[in-house]
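The values are calculated or read from the model by the stated rules, or taken from the named source; none is laboratory data. Being a predicted model, the structure only gives us computed values, none of them experimental. Cβ sites come from the backbone with ideal geometry, for glycine too, and all protein chains shown count toward neighbours. Only protein heavy atoms, including side chains, enter the accessible area calculation; ligands, DNA and RNA are left aside. Shrake-Rupley method; radii C 1.70, N 1.55, O 1.52, S 1.80 Å.
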Amino acid sequence: MSTTWYEVRGNVALLQLDNPPVNGMSHAVRRALVDGLERALDDPAVAAIVITGTDRVFSGGADIREFNTPAMLAEPNLLQAIAAVESAPKPVIAAINGVCMGGGLELSLGCHYRIATPDATMGLPEVKIGLLPGAGGTQRLPRAVGVAKGLQMIASGDAIRAEDALASGLIERIVERTSFDGVMRFAQEVAARRPLPRLRDKPAALPAGIDAATLFAQARAQVAQQSRGLPAPGKCVDAVEGAVRLPFDDGMANERRLFIELIQSPESKALRHSLFAERAAGKVAGVPEGTAPRPLRAVAVLGFGTMGGGIAMSLANAGLPVTVFEKDQAALDRGMAACRANWEATARKGRLSAEQVQQRLALLKPTLDFNAVVEADLVIEAVYEDLAVKQDVFKRLDAVAKRGAILATNTSTLDVNRIADATTRPRDVIGLHFFSPANVMRLLEIVRADRTAPDVLATALALAKRIGKVGVVSGVCDGFIGNRMLEQYVRQSLFLVDEGASPAQIDAALTRFGMAMGPFAMYDLAGMDIGYAIRQRRYVDKPQVTYSKIADKVVELGRLGQKTGKGWYRYEPGNRSPLPDPEIDALIDAHRKAIGVAPRAIDDAEIVGRCIWALVNEGARILEEGIAQRASDIDLVYLHGYGFPPARGGPMFHAQHVRFDEVLAEMKRYAANPHGDPGFWTPAALLLEAANAGRWQR
Ligand code: NAI
């Protein structure tokens with residue numbers, strides 16, 4: 001199959017990339033590009049050369065299927081192909097017809113001219129997988145758009161649209177997609193123009209009034225603040241600095257050296273792992289590839305509280321009309337007001353226009369009429385967490401929802417099978433477990449009940465994509481994947497307090513490890529009443545599971561967290577920063593005396609080990625039971641729902657990276673401690689299997 005088409009129209013040679021799905025710059029594409037270029041240069045009838053893509057894609061960049069294969073490096077490599085384009089003695093024009101990312105944009109930067117369709121998007125997203133653009137992007141982009149803009153694009157990885165590209169000098173012209181005339185006209189205009197503009201010959205311009213040293217110092221300070229321990233943004237700054245301070249070829253060599261450092265870094269491996277994990281998560285056993293999702297035109301949300309509101313917002317953000325049902329007008333009004341306030345806050349930050357706020361609000365249709373759900377292709381229930389209430393709602397839904405509608409529950413703890421039992425159509429019932437705040441958090445746990453139909457799962461996965469979330473399928477169990485693991489993390493964090501660590505010390509150790517937030521700050525943020533209620537039930541249902549009673553004592557003082565101004569920490573009114581509180585220190589002291597534990601010094605390594613390996617051991621059990629399909633699914637849950645550091649790739653990947661032998665040795669030490677639930681530390685069978693193989697087997 002050809003990956004690039006060659007055609008001569010008049011005096012213009014057209015090289016069209018055609019390597020579905022995204023015109024990845026595979027070896028075959030690079031070869032065909034260089035061959036086509038030579039052919040055009042050899043043809044005396046050709047005066048200009050146009051490189052373009054297919055449909056709405058110029059090129060998505062490297063061909064991800066070649067990652068870690070010899071083809072990735074086979075010659076001509078991308079650097080060579082771009083150099084051939086740049087040094088061509090006839091003008092080469094990139095006609096950017098849509099998505100133009102990474103290596104695709106680097107190729108276009110090697111061309112003498114760039115023009116683009118109005119809907120084109122251009123960016124260098126390599127930093128998002130822990131890399132930097134390694135085919136000249138860090139040298140040519142700042143020469144095209146100036147240092148400040150280039151730095152911003154490269155260090156953030158964010159793409160820009162055609163108008164912005166035109167304004168910043170990245171492209172020469174916007175041409176309508178409807179006819180190719182605009183492209184041909186441009187080619188004629190430049191065909192005889194000499195000398196050919198080459199970005200390598202142009203200096204990278206600094207913004208007026210600032211010198212290089214100040215600019216790069218500011219950029220470094222900014223990325224240090226935002227990069228959560230990832231080295232790539234800082235190295236992007238280093239590479240761009242080379243574009244200013246070094247001759248072009250030396251800047252290229254510097255870029256190469258930095259690129260190689262990054263590609264070998266554990267952080268980039270972790271980020272690439274999560275990229276592949278996202279792709280794998282879409283493949284679900286029992287859902288044959290190509291299973292058609294059910295059409296989703298209209299959605300209904302039941303309950304307009306914290307979760308219902310956030311869910312409705314994420315649906316409307318993706319352009320879906322949402323009917324929201326509540327039990328009384330006051331609740332409807334509160335829900336609408338919350339959505340409005342939220343969108344208006346986004347608009348104040350400049351990320352939405354006033355018009356977009358109105359458009360989104362108009363997509364929400366509040367109602368007190370339950371029958372309004374008949375139009376919905378999908379109903380998401382987010383009412384109180386009470387089985388009887390939810391079963392009643394599903395019984396009523398069963399009576400009115402249209403045939404084929406998907407009936408979803410956002411329950412976080414209830415048995416989705418029992419909710420499905422309340423209907424006569426359990427095949428249409430599924431769990432869609434959003435995380436709070438639902439309009440922000442990227443994770444969507446898709447809970448597959450015993451009878452959920454394959455096309456219902458396929459629809460849920462497609463919905464997750466459509467609303468910009470990461471969908472991960474979980475089986476039914478107490479807490480599903482994420483909260484079931486979290487319970488073990490929580491238990492260890494509390495045992496650590498019993499034994500001598502302070503909440504602030506534990507939070508500091510885990511944030512240094514990279515967690516977005518320490519556990520105790522998280523308990524305060526989430527509110528401790530729900531955990532308290534769950535534990536009271538557990539003491540009865542599962543008396544064999546041991547818990548530290550310290551959290552109960554905090555709650556029993558009326559300290560529920562931020563919402564009561566006090567929890568594990570105290571809070572000043574209107575301020576969310578946790579402050580130490582002597583009342584808690586005294587409570588912990590008294591508690592240790594009451595349980596007869598003499599506090600000992602506990603180091604950060606033990607804190608992190610006990611909390612994180614607790615996640616891993618429980619994760620391995622979840623795999624064993626088939627609740628999660630693969631270790632990488634569990635990683636996604638933690639990365640996108642629980643603030644796990646992206647640089648570590650998720651708990652399961654982290655365990656593999658640290659080496660399982662070490663994990664097992666530490667677990668053995670924890671098992672010798674009578675206080676931390678020694679029985680828990682018996683390694684899960686799949687963890688032992690992984691240790692033997694050196695990698696997770698699922
Ligand atoms: P919430 O109390 O903020 O909202 C519940 C809303 O449902 C209230 O506005 C209430 O008026 C309404 N409601 C109650 N019964 C109703 C009925 N029969 N018909 C229509 N509306 C009714 O609660 P929240 O936090 O939004 O939780 C909702 C569900 O989401 C629960 O199942 C909860 O377990 C789950 N969930 C909560 C998370 C959280 O962090 N808050 C996270 C993930 C899931």
>> Would region 476-538 count as rounded, prolate or oblate if I go by the C-alpha gyration tensor, calling it rounded below 1.5 in a/c and otherwise prolate when a/b exceeds b/c, oblate otherwise?
In response: prolate
> Roughly speaking, what is the centre-to-centre gap between region 257-279 and region 106-126 when only Cα atoms are used, to the nearest Å?
Replying inline: 24
>> In 10 Å bins starting at zero, report the fraction of Cα pairs in region 295-392 per bin as a rounded %.
In response: 17, 49, 27, 6, 1
>> Eigenvalues of the Cα gyration tensor times 5, then square-rooted: what semi-axes does that give for region 18-155, in whole angstrom, largest first?
In response: 22, 18, 15
> Cross-link partners among lysines for Lys549, C-alpha distance below 22 Å, same-chain residues fewer than 8 apart left out?
Replying inline: Lys563, Lys566, Lys593
> Percent relative contact order of the chain, based on C-alpha pairs within less than 8 angstrom and at least six residues apart?
Replying inline: 9
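What is the mean projected area of the alpha carbon convex hull for region 428-554, to one decimal in square nanometres? Write out the running numbers ahead of the final one.
On the way: hull surface 37.0 nm².
Averaged projected area of region 428-554's Cα convex hull equals 9.3 nm².
Taking the solvent-accessible surface of protein heavy atoms with a 1.4 Å probe, what is the per residue accessible area of region 470-560 in Å²? All intermediate terms of the calculation are to be shown ahead of the outcome.
Working: 3190 Å² over 91 residues.
With the other protein chains kept in place, region 470-560 gives 35 Å² per residue.
Diagonalise the Cα gyration tensor of region 184-336 and give the resulting equivalent ellipsoid semi-axes, square root of 5 times each eigenvalue, largest first, whole Å. Present the calculation step by step, with values, prior to reporting the outcome.
Working: eigenvalues 441, 119, 105 Å².
Over the Cα atoms of region 184-336, the ellipsoid semi-axes are 47, 24, 23 Å.
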> What is the spin-label model distance, in nm, from Glu624 to Asp333 if the labels are put 7 Å beyond Cα along the C-beta direction?
Replying inline: 5.5
> Among Thr117, Ala74, Ala88, whose Cα sits farthest toward the positive end of the charge dipole of region 55-170 (+1 at Cβ of Lys/Arg, -1 at Cβ of Asp/Glu, about the Cα centre)?
Replying inline: Ala88
> With a ≥ b ≥ c the root eigenvalues of the C-alpha gyration tensor of region 434-502, is it rounded (a/c under 1.5), prolate (a/b larger than b/c) or oblate?
Replying inline: oblate
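Taking N as the number of residues in region 489-643, what value does Rg over Cα atoms divided by 2.2 N^0.38 Å take? Present the calculation step by step, with values, prior to reporting the outcome.
On the way: Rg = 16.0 Å, N = 155, 2.2 N^0.38 = 15.0 Å.
Output field value: 1.07.
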> Please report, for the Cα atoms of region 320-475, the Rg to one decimal and the Dmax as a whole number; what are they, in angstrom?
Replying inline: 15.9, 47
>> For region 312-406, what does the accessible surface come to per residue with a 1.4 Å probe? Please give it in Å².
In response: 51
> Near Lys469, which aspartates and glutamates are there with a Cα under 12 Å away, not counting those fewer than 8 places off in the same chain?
Replying inline: Glu278, Glu445
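Cross-link list Lys149/Lys235; Lys283/Lys327; Lys542/Lys668; Lys283/Lys349; Lys402/Lys465: which exceed 28 angstrom alpha carbon to alpha carbon? Working shown, then result.
Details: Lys149/Lys235 16 Å; Lys283/Lys327 38 Å; Lys542/Lys668 25 Å; Lys283/Lys349 37 Å; Lys402/Lys465 24 Å.
Listed pairs above 28 Å: Lys283/Lys327; Lys283/Lys349.
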>> Per 0.36 nm of contour for each residue apart, how much would the distance between Arg257 and Lys542 grow if the chain were fully extended, relative to their Cα-Cα spacing?
In response: 97.0 nm
> Once fully extended, how much extra length lies between Asn11 and Arg185, figured as 0.36 nm per residue of separation less the alpha-carbon to alpha-carbon distance?
Replying inline: 61.5 nm
>> As an exercise, use a Förster radius of 41 Å and the Cβ-Cβ distance of Glu344 and Asp43 to find the FRET efficiency, rounded to the nearest 0.05.
In response: 0.10
> Stokes-Einstein D for the chain at 25 °C, 0.890 mPa s, Kirkwood Rh over Cα pairs, in µm²/s?
Replying inline: 87
> Once phi is turned into ³J(HN,Hα) by the Karplus curve 6.51 cos²θ - 1.76 cosθ + 1.60 with θ = phi - 60°, what whole-Hz value does each residue of region 497-510 show in order, with x for glycine and proline?
Replying inline: 5, 3, 7, x, 7, 8, x, 5, 5, 5, 4, 5, 5, 6
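Indicate the gyration tensor shape class of region 573-698 (rounded, prolate or oblate), computed on the Cα atoms with a ≥ b ≥ c the square roots of the eigenvalues: a/c under 1.5 is rounded; otherwise a/b larger than b/c is prolate and the rest oblate.
Details: a/c = 2.48, a/b = 1.50, b/c = 1.65.
Note, shape of region 573-698 comes out oblate.
Under 8 Å for C-alpha pairs, at least 6 residues apart: give me the relative contact order for region 372-448, rounded to a whole percent. Before the final figure, lay out the partial values.
Values: 118 pairs, mean separation 21.7, N = 77.
Reported relative contact order: 28 percent.
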> Using alpha-carbon pairs under 8 Å, 6+ residues apart, how would you state the relative contact order of region 133-274 in percent?
Replying inline: 36
> Restricting the count to DSSP beta bridges whose residues both fall in the chain, what percent are antiparallel, rounded to a multiple of 5?
Replying inline: 25
>> Counting C-alpha atoms alone, how compact is region 247-316: give Rg to one decimal and Dmax as a whole number, in angstrom.
In response: 22.0, 62
> How many Å² of accessible area per residue for region 66-220, probe 1.4 Å?
Replying inline: 38
>> If you take every DSSP beta bridge fully contained in region 33-186, what fraction is antiparallel? Give it as a percent rounded to 5.
In response: 15
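Once you charge only the Cβ atoms, +1 for Lys and Arg and -1 for Asp and Glu, what is the size of the charge dipole of the chain about its Cα centre, to the nearest 20 debye? Mind dumping the intermediate values first?
Details: 81 positive and 79 negative charges, 97 e Å.
Dipole magnitude for the chain comes out near 460 debye.
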> Put a dot 7 Å past each Cα toward the Cβ at Glu572 and Thr178; how far apart are the dots in nm?
Replying inline: 6.1
> Could you state the per residue volume, in Å³, of the convex hull enclosing the Cα atoms of region 67-144?
Replying inline: 99
>> Ignoring ligands, DNA and RNA, please state the percent of accessible area on the chain from carbon and sulfur, probe 1.4 Å.
In response: 55
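Given region 372-442, what whole percent of its Cα pairs are spread farther than 15 Å?
Values: 1198 of 2485 pairs.
Cα-Cα pairs in region 372-442 separated by more than 15 Å: 48 percent.
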> When we measure straight from the Cα of Lys90, which lysines land under 26 angstrom away, once same-chain ones fewer than 8 places off are left out?
Replying inline: Lys202
